Amino acid sequence: MTDEIIVVGAGGHAKVCIEILHEMGETVAYCVGDANASDQCVGVPVLKGDENLVDLHARGYRRVFVAIGSNRLRNRLAAYATELGFTLTNAVHPKAIISQTVKFGEGVAVMAGAVINAESVIDSLAIVNTGATIDHDCDIGRAVHIAPQCALAGNVTIGAFSILGVGAKVIPEKTIGEQVTVGAGGVVINDISASQTVVGVPARRLEK
Ligand code: JB2
């Protein structure tokens, strides 16, 4: 058995997450990408094809971090890895500022410069990207992506699989449903129901 970590994914998001894991003092043994992946990712060798996870488990690896930007694919590959018997580790940059009362699920990524304040909950497989700020009592759902420089005020709820684009903002006490997309720079001042795409200032539904 080994403590070394397997990173699933070998693209841009994996680069950032591997460097976070290194900052945390962890060792990343391999990445697992798809057939088109590069041979290495920031110096970590890349195995191509998810079937490699079976072999890695047999070789005594138990810890996985799924570093894939797509919320749905991240969730699917995390489910596959846990079915195989892996545990999902967190990647939290030491230079993120996080209240001791924050609760994390599994497989969460928090990038450098992020701030997460008192009694917020960050559910499994969420990404709190570079420089994003999440104020007190927020509830960030499963496999949500809060992109770089987003700002969430207090008591904001974000439903599972939603994505807030770069620099989006949410005023206090608003609830965003599941599978919502907020376009980059959008400012949410109303509750948003599930499965909508909203853009602009203030953020409004994008008509199809
Ligand atoms: O089925 C798969 C699979 N499909 C794609 N299994 C495995 N194991 N890996 C898969 N991949 C891998 O996802 C590809 O081999 C590739 O390494 C990676 C996609 O890389 P890309 O750079 O296109 O995206 P990303 O998910 O790493 O990063 C996106 O999301 C981040 C949050 C980008 O938009 C980044 O700019 C963004 N910061």
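With charges set only on the Cβ (+1 for Lys and Arg, -1 for Asp and Glu), what does the dipole of the chain come to about its Cα centre, in debye to the nearest 20?
For this selection, approximately 440 debye.
Find out how many positive minus negative residues lie around residue 23, taking Lys and Arg as positive, Asp and Glu as negative, among other residues whose Cβ is under 14 Å from that of residue 23.
Charge balance in the 14 Å sphere: 0.
Find which of 89, 117, 200 sits farthest along the positive direction of the dipole of the chain, computed with +1 on the beta-carbon of Lys and Arg, -1 on that of Asp and Glu, about the Cα centre.
Result: 200.
Using +1 at the C-beta of Lys and Arg and -1 at the C-beta of Asp and Glu, which of 41, 131, 28 has the Cα lying farthest in the positive direction of the dipole of the chain?
131
How large is the dipole of region 2-89 about the Cα centre if only Lys and Arg carry +1 and Asp and Glu carry -1, each at its Cβ, rounded to the nearest 20 debye?
Here region 2-89 has a charge dipole of around 240 debye.
Net charge near residue 170, counting Lys/Arg +1 and Asp/Glu -1 over other residues with Cβ under 14 Å of its Cβ?
For residues surrounding residue 170, the net value is -3.
Roughly what angle does helix 12-23 make with the longest principal axis of the chain, taking Cα atoms, 0 to 90 degrees, to the nearest 10?
70
Near residue 86, within a Cβ-to-Cβ distance under 11 Å, what is the net charge of the other residues, with Lys and Arg +1 and Asp and Glu -1?
So the environment of residue 86 carries a net charge of 0.
Suppose every K and R has +1 on its Cβ and every D and E has -1 on its Cβ; what is the size of the dipole of region 90-198 about the Cα centre, in Debye to the nearest 20?
I would put it at about 300 debye.
Counting only heavy atoms of the protein chains, get the accessible area per residue of region 25-86 (1.4 Å probe) and round it to a whole Å² value.
48
Evaluate the relative contact order of the chain (contact order divided by residue number), counting alpha-carbon pairs under 8 angstrom at least 6 apart; express in whole percent.
11
Accessible area per residue for region 90-198 in Å², computed with a 1.4 Å probe and the full protein assembly in place, what is it?
38
Which residues in region 100-122 have a backbone N closer than 18 Å to a point placed 7 Å from the Cα of residue 26 along the Cα-to-Cβ line?
Residues 103-114, 122 qualify, since their backbone N sits under 18 Å from the label point.
Give me the percent of accessible area attributable to carbon and sulfur for the chain, probe 1.4 angstrom.
The C+S portion of the solvent-accessible surface of the chain is 50 percent.
The values are calculated or read from the model by the stated rules, or taken from the named source; none is laboratory data. From a predicted model like this one, the values you see are computed outputs, not experimental measurements. Don't worry about glycine lacking a Cβ; one is built from the backbone with ideal geometry, like all the others, and counts go over all protein chains shown. These area figures cover heavy atoms from the full protein model, side chains too; ligands, DNA and RNA do not enter into them. Shrake-Rupley method; radii C 1.70, N 1.55, O 1.52, S 1.80 Å.
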